[in-house]
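K.L.:
Below are the structure tokens for one structure; questions will follow.
The values are calculated or read from the model by the stated rules, or taken from the named source; none is laboratory data. As the structure is a prediction and not an experimental result, all values here were calculated from the model. Virtual Cβ from ideal backbone geometry, glycine too; neighbours counted across all protein chains shown.
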Amino acid sequence: MRGRRRTWRVLTFDTVLPNPLPTQPGVDGHANIRSVTSDGSPYARFRRALETGNELLVLGAARELPQIALDDALRICLVLRDGDPVRYDRAAVRWLGRFALEARAATIPDLRVAAAALEALPTRTAEAMEQLQRLCVARGIG
């Protein structure tokens with residue numbers, strides 16, 4: 001076999017079996033198959049992560065979302081409140097900034113109330129959440 005080159009024929013699915021799909025005008029006959037897992041949509045994974053309360057799962061699932069609604073951002077703050085204080089503080093400040101931009105007719109006193117509630121969230125969760133919910137409803141958020 002010295003000096004002879006071997007050539008190999010590459011077989012693809014199309015060369016082994018005929019196309020099982022009926023041909024239609026404008027269709028090339030190849031199936032567009034998409035795998036769907038039981039995990040569901042990115043938002044469903046995010047909601048399940050919130051239910052676990054696991055900070056890393058929540059942040060990972062949040063990164064998959066194209067956008068995060070303000071009420072979901074507050075839920076993220078709830079998860080982060082017992083973890084790293086610096087991370088919670090950054091999330092709370094981002095939430096406050098988004099509230100200032102997205103709330104209808106938000107005032108400086110509204111922002112003071114929201115900031116105080118976010119500051120109290122790690123220690124007085126129920127009271128702080130009640131204040132934030134009232135504020136969001138009054139300003140058309142959620």
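K.L.:
Between a residue in region 79-104 that is closer than 23 Å to LEU57 by Cα and any residue that is among the aromatic types (Phe, Trp, Tyr) and assigned to a helix (DSSP H, G or I), which pairs come within a Cβ distance under 8 Å, given they are 6 or more apart or on different chains?
P.N.:
Here the result reads LEU80/TYR88; ARG81/TYR88, each pair linking region 79-104 to a residue that is among the aromatic types (Phe, Trp, Tyr) and assigned to a helix (DSSP H, G or I).
K.L.:
Ok, one more. In the set GLU51, GLU64, GLU55, which member is among the charged types (D, E, K, R) and without any contact (Cβ under 8 Å) to a residue 12 or more places away in the chain? If you could, list the steps in order and put the result at the bottom.
P.N.:
On the way: GLU64 fails: without any contact (Cβ under 8 Å) to a residue 12 or more places away in the chain; GLU55 fails: without any contact (Cβ under 8 Å) to a residue 12 or more places away in the chain.
After ruling out the rest, the residue left standing is GLU51.
K.L.:
Okay, next question. In region 116-142, what count of residues is obtained for those that are surrounded by 15 or more Cβ atoms within 10 Å (Cβ to Cβ) and either part of a helix (DSSP H, G or I) or over 26 Å from the mean Cα position of the chain (by Cα) (or both)?
P.N.:
Within region 116-142, residues that are surrounded by 15 or more Cβ atoms within 10 Å (Cβ to Cβ) and either part of a helix (DSSP H, G or I) or over 26 Å from the mean Cα position of the chain (by Cα) (or both) number 10.
K.L.:
Where in region 1-113 are there helices (runs of 4 or more DSSP H), lying fully within it, with 3 or more residues that are touching a Phe, Trp or Tyr at 6+ places or on another chain (Cβ under 6 Å), modelled with pLDDT of 95 or more and surrounded by 11 or more Cβ atoms within 10 Å (Cβ to Cβ)?
P.N.:
Ranges flagged: 70-80.
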